[in-house]
1. Pulled fully out, how much extra length does the chain show between Lys82 and Leu8, if you take 0.36 nm times their separation in residues and subtract their Cα-Cα distance?
2. Which value, in Å², gives the accessible area per residue of the chain when a 1.4 Å probe is used on the protein heavy atoms?
3. Near Gly40, within a Cβ-to-Cβ distance under 15 Å, what is the net charge of the other residues, with Lys and Arg +1 and Asp and Glu -1?
4. For the chain, what is the mean residue ellipticity at 222 nm derived from helices alone (per DSSP H run of n ≥ 4: -39500 (n - 2.57); sum divided by total residues; nearest 500 deg cm²/dmol)?
5. Cα to Cα, under 22 Å, and not fewer than 8 places away if on the same chain: which lysines meet these conditions relative to Lys241?
6. Counting only pairs 8 or more places apart or on different chains, how many lysine pairs in the stretch 6-211 have C-alpha atoms closer than 22 Å?
7. So for each of 172-184, 252-264 I average, over its residues, the number of other beta carbons within 10 Å; can you give me the resulting order with the highest mean first?
8. Computed on alpha carbon atoms, what radius of gyration and Dmax characterise the chain, expressed in Å?
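The values are calculated or read from the model by the stated rules, or taken from the named source; none is laboratory data. Keep in mind that this is a model prediction, so the values were computed, not measured. So basically every Cβ, Gly included, is an ideal-geometry build from the backbone, and we count neighbours across all protein chains shown. Note: areas computed on protein heavy atoms with side chains; ligands, DNA, RNA excluded. Shrake-Rupley method; radii C 1.70, N 1.55, O 1.52, S 1.80 Å.
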Amino acid sequence: MTVKIVTLRALEPGPVFTVLGAVHGNERCGPEAIRRLIDGIDRGDVLLGRGTLQLVPVANPKAYEKGVRFVERNLNRQLYPKDVKTYYEDHLDPILCDLLDKTQVLLDLHSYTSQGGPFIFSGGNDAKELAFAQALGVSDFVTGWSEAFGNADGSREGQGTTEYARLQGAIAVTLECGHHTNADAADIGHRAILRALAHLGMLDPASPAAAALDPGRALPKRRYVRMKSVFRRESGAEFAKSWRHFDPVAAGEPMARLASGSVLAAPEDGFIVLPKEKAAPGEEWFYFGAVASGS
Ligand SMILES: [Zn+2]
């Protein structure tokens, strides 16, 4: 099994920009968006004016082939090269990390299980990263993943592609293109890559694709959410209602009920993030994020 990596180098120096698809194998929009971009490059619609573009349509090939999120270990958690390789995904770590070590900007394309539209996970502490995220044509932003995941214990449980890349000094965002089967998910991913290239000054303005970008297109009002907590499902626990991603919750409103009958209430005004109603006991179930400002 091999990981396909397509690298384009313009004659003019510039940033090293990496786009990843199918870090989770059941998320099909990233590979489709990257393939469309490669087709556009091959046709001459997309001209790279400067810099280096590293494209990985399918970061987890075996999981992609099987149509599953991962085979033995979530590739987007505990991502770092390991001396002792226990799981299949451990063999992918050095390949991805090697690419990310050389990367100044990362765009990682995902989709998700709950119903909802596109949004971006960003670090939230870096003005350049925020400006990059805001350039991608999406209006919902979630920050504070690492803090919510409690990486301070040194477990690196919450360290995925973007966290790893940021440790190497890169700007890094995850674009969740919407529910797995949303018809527009690949379009959103493809447009975001083109907009990223334009934002980074890597897209030659003479590219036919540049004319179709429409930077003035009106977007819905931007929403910013700061992640506060991660909830794993306990056996017998149920949602208080059938949540959709980005449903607002008021302080004190029940979010879920545990088997004991006790209620998980929202600690403050905020949003339900990525609810997975049918998560198995012990799995990530949903996240709570507080309303945040956009700066
Ligand atoms: Zn994913």
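1. Separation in residues times 0.36 nm, less the Cα-Cα distance, equals 23.8 nm.
2. For the chain, the solvent-accessible area averages 44 Å² per residue.
3. -1
4. -6500 deg cm²/dmol
5. Lys228, Lys276, Lys278
6. Pairs that pass both the separation and distance tests number 5.
7. Ranking, from highest mean packing down: 172-184, 252-264.
8. When restricted to the Cα atoms of the chain, Rg and Dmax are 19.0, 64 Å.
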